[in-house]
Amino acid sequence: MAKKQFKAESKKLLDMMIHSIYTNKDIFLRELISNASDALDKLYYHSLSEDVSGLSRDDYKIELALNKDARTLTVSDNGCGMSEKELESNLGTIARSGSLDFKDGLENASGVEIIGQFGVGFYSAFMVADKVTVVSRVHGSDEAFQWESAGVDGYTIKPTEKETAGTTITLHIKEDTDEEKYSEYLDTYKIREIVSKYSDYIRYPIMMDTETQKLKEGTEDEYETVIEPTQLNSMVPLWRKNKNEISKEDYDNFYQSKFYDYEAPVLTIHSKTEGQVTYDALLYVPSHAAYDYYTKNFEKGLQLYTNGVLIMDKCADLLPDHFSFVKGLVDSADLTLNISRETLQQDHLLKIIAKNLEKKIKSELEKLLKNDREAYEKFFKAFGLQLKFGVYNSFGANKDTLKDLLLFYSSSEKKLVTLAEYVSRMKEAQKTIYYAPGETTDKIDLLPQADAVKSKGFEILYLTDDVDEFALQMLREYDGKTFTNICADQLDLDSEDEKKALEGENEANKDLLSFLKETLGDAVNAVRFTNKLKNYAVCLTSEGALSLEMEKALGQMPNAQGIKAQLVLEINIAHPVAEKLKTLFVTDQEKLKDYAKLLYAQGCLISGKSIDDPAELSRLICDLM
Ligand code: ADP
């Protein structure tokens, strides 16, 4: 019988499949099963108008069979089947179902791109098989035909016998090579695994004979191995069920088994959306961050299904970075199976879904914050850092989405509070939101500046993560209120009179202060008297946008060396030390130099800045003693 030639494009695609460098060969089975499922769908729709099949919907099924000796894997369905002409046109010419210009794409694309852009479809069988035989019979016809091909040099079609209507596809599995162990596709266990991974929710039973241990008849403890048809897929996706049919336990179990978490999620979002795009989404916020969450290895993304068939395991485009901790899936019949990383990016449907999901996640987190503070704090402990990075990243593009989800420790409430809560408690005279960066809340409590602000009755937000201050600076303001670092020199708690008096003091002691500044050199930008320190003698404050804490954070980054905050050494004008300095300036300037260094070192110690020259400090203290 004469061999027929594949159409040029088909031949090229087939060739790519045969020599595929596509690593995930498992998906061939997904493709064949979803074709079978489509064929059953088609039969179903046909039979609504005129039933020629005589089958009830309960009889619809997909069967898999393995034959190790013959090295065959068979996929059968009792769906619509293909006539001789259909075999010819569907399998001899691959005209993709999508409207993509297949031919143009082929000219200048690599194999992997092709597979990505056009989906793999039926020809993917050639990734694992060296010969493929399709036997098919249309319902209502008694003729059956066989299509067969061993690769690019063509295919044959001939009449054959087939007892029942539908399609049977037999793959003759390739021999193993050094790189590829094709024999695994003859292994029941492997096939089960692929089906449950990719085709679990196909709405028709996928049956396969499998070995099970059964109690021997007439005995109580003797088992025998029997081979029984077993259904490999669970068929009903949880997310397709009505929400009122699903218990919290169902949701949690599903999450824990699907995403391998020992802990139930802190938040579950199940949404069914109809409109521009129709989709179901089932999303979870884990209770804790995975061990690799804050590392480069972490890959964000949601599972993407179309009609219950998994088409992508981690679709990154569905989640913004600031919500990358969300796990879950999206199922939409509006997406095509032939979707890939490349095409997804351009897919505007996907963009709409992603936008909707972002809004939904945000509003559900806000609800949680409002209704279950404890759970929200648990969430924030795990992922607050990510939200704060989200505010800071992309030049603040997402700050408005995120600002109401942030929590900071409050000096007056002694717990985490939102910016809105802070603002609602602000005193009438208070113009700005005070914050204090530091290593721990205890250490910040000990800062001289904190003392001063608290004694005026103002609340302070304690920032203990490196990113905090960067995030607040990116926010710039909240509800019209700016942010002020209590450790910055612009801290302004004084009345006009107090300010005047202080200015006078600084002016009168100009020479003393510049002497101190000269002594300390580049370590500080200026030395000044202050009246904001109650019991402390000195503090270090920063001028300009970069605070001391930010200097520390940046200093830890590998490529940000040499960035320095502009520091001011402030000396408490009401402290006895101030008088001592004034005296020494007249009587003993050498000693005054040592005092300057000691005061600067104290400032460093209090604000957690490392001491430039510990040996010298030690000598100075001993001298004094
Ligand atoms: P796609 O499924 O994207 O259209 P395929 O290459 O997978 O592309 O299949 C080509 C065509 O062959 C399908 O559109 C369908 O009409 C037909 N086909 C494939 N498998 C079956 C099957 N099991 N039963 C009936 N028709 C099938």
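The values are calculated or read from the model by the stated rules, or taken from the named source; none is laboratory data. Please read these numbers as outputs of a predicted model, since none were measured by experiment. When we count neighbours, we look across all protein chains shown, and the Cβ atoms used for this are built from the backbone with ideal geometry, even at glycine.
For the reader, a short list of remarks on this structure follows.
- Just one of the listed residues (597, 609) is within 16 Å of residue 524 (Cβ to Cβ) and modelled with pLDDT under 90, namely 609.
- Any pair with Cβ under 7 angstrom, 6 or more apart, that starts in the stretch 158-174 at a residue that is on the phi > 0 side of the Ramachandran plot and ends at one that is within 13 Å of the ligand (Cβ to nearest atom): 166/76; 166/77; 166/78; 166/79; 166/81; 166/137
- Of residues in the stretch 440-465 being of a type in the set (Asp, Glu) and surrounded by 13 or more Cβ atoms within 10 Å (Cβ to Cβ), the one nearest to the chain's Cα centre (by Cα): 465
- Residues of the stretch 226-244 classified as in a helix (DSSP H, G or I) and more than 16 Å from residue 201 (Cβ to Cβ), total: 2
- Within the stretch 517-568, the only residue that satisfies the criterion of being among the aromatic types (Phe, Trp, Tyr) and in a strand (DSSP E or B) is 529.
- Scan of the stretch 68-94 for residues that are among the β-branched types (Val, Ile, Thr), under 27 Å from residue 203 (Cβ atoms) and more than 7 Å from the ligand (Cβ to nearest atom), ordered by number: 72, 74, 75
- Flag for residue 53 being within 11 Å of the ligand (Cβ to nearest atom), of a type in the set (Gly, Ala, Ser) and either in contact (Cβ under 8 Å) with a residue 40 or more places away in the chain or within 19 Å of residue 132 (Cβ to Cβ) (or both): no
- Which listed residue, of 55, 64, 29, 43, is in contact with a strand residue (DSSP E or B) (Cβ under 7 Å, 6 or more places away or on another chain) and either surrounded by 19 or more Cβ atoms within 10 Å (Cβ to Cβ) or not in a helix (DSSP H, G or I) (or both): 64
- Test: residue in the stretch 211-227 that is farther than 17 Å from residue 67 by Cβ, of a type outside the set (Val, Ile, Thr) and touching a residue at least 24 places away in the same chain (Cβ under 8 Å): no
- Answer residue from the stretch 418-437, given it is assigned to a helix (DSSP H, G or I) and not hydrophobic (A, V, I, L, M, F, W, C) and is farthest from residue 464 (Cα to Cα) among those: 424
- Selection of the stretch 259-279 for residues being charged (D, E, K, R) and buried (at least 16 other Cβ atoms within 10 Å of the Cβ) yields only 261.
- Flag for residue 439 being among the acidic types (Asp, Glu), in contact (Cβ under 8 Å) with a residue 40 or more places away in the chain and farther than 21 Å from residue 605 by Cα: no
- Of all the criteria given as (1) surrounded by fewer than 21 Cβ atoms within 10 Å (Cβ to Cβ); (2) more than 20 Å from residue 388 (Cα to Cα); (3) in contact with a strand residue (DSSP E or B) (Cβ under 7 Å, 6 or more places away or on another chain), the one not satisfied by residue 558 is (3).
- Of the residues 616, 570, 551, the single one that is acidic (Asp, Glu) and more than 49 Å from the chain's Cα centre (by Cα) is 616.
- Among the residues making up the stretch 123-143, those that are of a type in the set (Gly, Ala, Ser) and more than 13 Å from the ligand (Cβ to nearest atom) are 129, 140, 141.
- Meets criteria (of a type in the set (Asp, Glu) and without any contact (Cβ under 8 Å) to a residue 60 or more places away in the chain) for residue 180: no
- Counting the residues of the stretch 430-439 that are surrounded by fewer than 22 Cβ atoms within 10 Å (Cβ to Cβ) and closer than 17 Å to residue 413 by Cβ gives 1.
- Candidate set: the stretch 170-221, residues that are more than 38 Å from the chain's Cα centre (by Cα) and acidic (Asp, Glu); chosen: the one surrounded by the most Cβ atoms within 10 Å (Cβ to Cβ): 209
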